[in-house]
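The block underneath contains the structure these notes are about, expressed in structure tokens.
The values are calculated or read from the model by the stated rules, or taken from the named source; none is laboratory data. Values in this document were obtained by computation on a predicted structure and should not be read as measured data. So basically every Cβ, Gly included, is an ideal-geometry build from the backbone, and we count neighbours across all protein chains shown.
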Amino acid sequence: MPELPEVETVKKILEPLIKNKKIEKVEVFYDRLVQSDLTNFKQELAGQTILSMNRYGKYLFFNLTNDLILISHLRMEGKFRYTTHDFRIKSTSAVFYFTDSSALSYDDTRKFGLMYLTNKNDIYKLPMLTKLGIEANNVLVSDLPILYKKFNRNKKIKELLLDQTILNGIGNIYADKILYASYINPFTMGSELNQLDINNIVSNAKIILNQAITKGGSTIHSFHPSEGVDGKFQVLLKCYGKEGKPCPRCGTLFHKDFIGGRGTTFCPNCQINKHLEKAIGITGPVGSGKTQILNHLKKKGYFTLSADEIIHTLYKDESIRVKISKILKTDFNVDDNKKRELARSILINNPTIKSEVENFIYPKLEQALLSSLNSYEKVAYEVPLLFKAHFEYMFKKIFVIKLTKEKQLLNLIARGEKNKEKLLKLNNDFKYNSTSSKIVLIENNGDLEDLFKKIDSNLD
């Protein structure tokens, strides 16, 4: 969707081409494009001269004679094309024919664009304009207290940035860049941000949008401000569209999630998440007592999840099962004991295949964990390979369980494991960042009572 910089670029390119052009007639090929009376739309535009153009947020204004104003919103893929009378393509929704044999074609592949014809005195009576907030690239110091109140809501900051009634002109591309520049996690609730945070967001919004205007906007997918012309700002996008690539600030891989149905890319390390950092992570080698700790915390009122159980559920999805089978080069079925044990043996003995499976399943596990994390006040997750999967950012505290090999073997025997030796090979996978301030080391070489006492003493 063209955002404020792209719409401003369209206005700058288009205005010199059509200024002082007289409209001979208008043809509309997609009636739903016009939101005012269609017959009046065509009749009143005939004979009008285009005096100038303006932009307000993502809206284009064509200022006409007789105090009329044509309003256009490009929506997802709308574009204007300065052309000739005989031009028309499959996606053409309307053509404005000028008296000098030139024409202005409006093309829209997805047919989401909108047009209105109104009198200049009535322009700000239109509901879609009266509700618009302050233009994001033109915020004044005096606007900041008002914006702070509007952002102070129990709603994710990414959603608030896309709310045109607060700041007008920001879309998905620039929202991601603004939050990245502000070191703010998109999941953070607006109510958790202070005045300094909001000032930082607003300041970066102004800088980024105005910089994008000077570069002609961003050409992403199908957007081009004019025929044969691309925007140049996309080369400066640090996070949008960079899922799985390293953050240029810290090297952590960019993560993509969905907020309000919109794809959202962010750095889980340097974009601090004020909202999600409330959960306890539990990790440790196989047989270390993670499940017992999880059950103990559940009794204390925590919402609990086991990564292993989530992955087990994911493996039942047919599309995932087929993909895993392809990686393993054998038919995989998590509910078939023989096939499950064969898969486990392959993973233990083939690090390359194991890594490929993990790279495929970890993002799906991460999304499942995040989707539940927002709904509960007290949360505890058991994630065996928490550090290997780079999930540290989710947690304010991480219990790392340590124990002797002798105690580990006893635990595996107690739970009836038949492949103890194979499972112990997985210890090589268990690593943790010993320098992290989030880590609480828990020694589990005693009985359960001793273990639970250690856990309780480290709870907030």
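Residue count for segment 48-103 satisfying the condition of being touching a His at 6+ places or on another chain (Cβ under 7 Å) and of a type in the set (S, T, N, Q): 1. Evaluated against (1) assigned to a helix (DSSP H, G or I); (2) closer than 29 Å to Lys155 by Cβ, His312 falls short on exactly one condition, (2).
Does segment 256-273 contain any residue that is at pLDDT 90 or above and within 23 Å of Pro384 (Cα to Cα)? So far as segment 256-273 goes, no, none of its residues is at pLDDT 90 or above and within 23 Å of Pro384 (Cα to Cα). Taken over segment 168-208, the criterion of being polar (S, T, N, Q) and without any contact (Cβ under 8 Å) to a residue 40 or more places away in the chain is satisfied by Ser182, Ser191, Asn194, Asn200, Ser203, Asn204. Within segment 31-87, how many residues are out of contact with any helix residue (DSSP H, G or I) (no Cβ under 7 Å at 6 or more places or on another chain), closer than 14 Å to Ser105 by Cα and hydroxyl-bearing (Ser, Thr, Tyr)? Within segment 31-87, residues that are out of contact with any helix residue (DSSP H, G or I) (no Cβ under 7 Å at 6 or more places or on another chain), closer than 14 Å to Ser105 by Cα and hydroxyl-bearing (Ser, Thr, Tyr) number 3. For segment 300-334, the tally of residues that are more than 25 Å from Tyr376 (Cβ to Cβ) and surrounded by fewer than 15 Cβ atoms within 10 Å (Cβ to Cβ) stands at 7.
The rows are residues; the columns are (1) in a strand (DSSP E or B); (2) over 29 Å from Lys215 (Cβ atoms); (3) not polar (S, T, N, Q); (4) not assigned by TED's automatic domain parsing to the domain that holds Leu162.
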| site | (1), (2), (3), (4) |
| --- | --- |
| Leu17 | no, no, yes, yes |
| Gly47 | no, yes, yes, yes |
| Leu60 | yes, no, yes, yes |
| Arg75 | no, no, yes, yes |
| Thr109 | no, no, no, yes |
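Among the residues of segment 140-163, none qualifies, meaning not one is hydroxyl-bearing (Ser, Thr, Tyr), assigned to a loop (DSSP other than H, G, I, E, B) and assigned by TED's automatic domain parsing to the domain that holds Val202.
Please work out if Ile198 is buried (at least 22 other Cβ atoms within 10 Å of the Cβ) and farther than 25 Å from Asp31 by Cβ. Considered against the rule, which asks whether it is buried (at least 22 other Cβ atoms within 10 Å of the Cβ) and farther than 25 Å from Asp31 by Cβ, Ile198 comes out as yes. If I filter segment 141-154 for residues that are more than 19 Å from the chain's Cα centre (by Cα), surrounded by fewer than 23 Cβ atoms within 10 Å (Cβ to Cβ) and under 15 Å from Glu3 (Cα atoms), do I get at least one hit? Taking every residue of segment 141-154 in turn, none turns out to be more than 19 Å from the chain's Cα centre (by Cα), surrounded by fewer than 23 Cβ atoms within 10 Å (Cβ to Cβ) and under 15 Å from Glu3 (Cα atoms). Please indicate, with yes or no, whether at least one residue in segment 172-183 is charged (D, E, K, R), outside any loop (DSSP other than H, G, I, E, B) and surrounded by fewer than 20 Cβ atoms within 10 Å (Cβ to Cβ). Taking every residue of segment 172-183 in turn, none turns out to be charged (D, E, K, R), outside any loop (DSSP other than H, G, I, E, B) and surrounded by fewer than 20 Cβ atoms within 10 Å (Cβ to Cβ).
When residues in segment 13-36 are screened for being free of Cβ contacts under 8 Å to residues at least 60 places away in the same chain and either surrounded by 14 or more Cβ atoms within 10 Å (Cβ to Cβ) or more than 20 Å from Ile89 (Cα to Cα) (or both), 4 of them pass. For first residues located in segment 78-95 and over 19 Å from Lys11 (Cα atoms), partners that are part of a loop (DSSP other than H, G, I, E, B) and of a type in the set (A, V, I, L, M) and lie 6+ apart or on another chain with Cβ distances below 7 Å do not occur.
Whether any residue in segment 94-105 is modelled with pLDDT under 90 and more than 28 Å from the chain's Cα centre (by Cα) is what I want to check. Scanning segment 94-105, I find no residue that is modelled with pLDDT under 90 and more than 28 Å from the chain's Cα centre (by Cα), so the answer is no.
Considering Leu386, Leu403, Leu410, the condition of being touching a Gly at 6+ places or on another chain (Cβ under 9 Å), surrounded by fewer than 17 Cβ atoms within 10 Å (Cβ to Cβ), modelled with pLDDT of 80 or more and not acidic (Asp, Glu) is satisfied by Leu410 alone. Filtered by the rule that a residue be out of contact with any helix residue (DSSP H, G or I) (no Cβ under 6 Å at 6 or more places or on another chain), of a type outside the set (S, T, N, Q) and modelled with pLDDT under 90, segment 114-123 gives Asp122, Ile123.
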